[in-house]
Structure formats: C-alpha cells, structure tokens
Amino acid sequence: MMGAVLPVRAESLQAKIGVLSGLGGIAAKWNKYQNLGIQLALEEFNSRGDKLETVIEDSASNAGKGIAA
C-alpha cells in the first residue's frame, strides 16, 4: 500500500507583500472588497503557522499617485 509523501518544512514562512490599491477615488468601492479578500486570505494562511503580512499603499485610483506610492 502506498501513501502520500508530503513536504515538511523546518521553519515557518515569514514574508511581507506590497499591495497597491485605490483606497480613495473612483475605484475605492471595489478595492475595499479586494482588500477584505486579501485580509481573509492572510488570516487563513497565517492560521497554518506562517507569518505573512501586507503593506497596503493607496493610489487614490490615480496612476500618478500609484507610481509615487
């Protein structure tokens, strides 16, 4: 009988992910839900023992501000 071979990690993953999101401006309504989805995914991921966090910068739904962020 054969069993599954699962990878084993010696230590937990720790990382930061940058997110550029229009928290203000015309797209703020939709980006609010995008950011909530990101937070939900992070909570699920981190519940497994890893440490992942996001740094969210506001583009204000403006390309110029997004480049500067």
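The values are calculated or read from the model by the stated rules, or taken from the named source; none is laboratory data. Since the structure is predicted, the reported quantities are computational estimates derived from the model, not experimental observations. Neighbour counts are summed over all protein chains in view; Cβ atoms, including those assigned to glycine, are modelled from backbone coordinates with ideal geometry.
Some points to look at:
- Scanning segment 24-69 for residues that are more than 30 Å from GLU11 (Cα to Cα), surrounded by 13 or more Cβ atoms within 10 Å (Cβ to Cβ) and among the hydrophobic types (A, V, I, L, M, F, W, C) gives ALA27, ALA28, ALA60, ALA69.
- Any hit, segment 41-52, residues being charged (D, E, K, R), part of a strand (DSSP E or B) and either in contact with a helix residue (DSSP H, G or I) (Cβ under 9 Å, 6 or more places away or on another chain) or modelled with pLDDT of 80 or more (or both): yes
- Taking each residue of segment 34-59 that is on the phi > 0 side of the Ramachandran plot and looking for partners that are at pLDDT below 90 and loosely packed, with under 14 Cβ neighbours inside 10 Å with beta-carbon atoms closer than 8 Å, six or more apart or interchain, yields GLY49/SER12.
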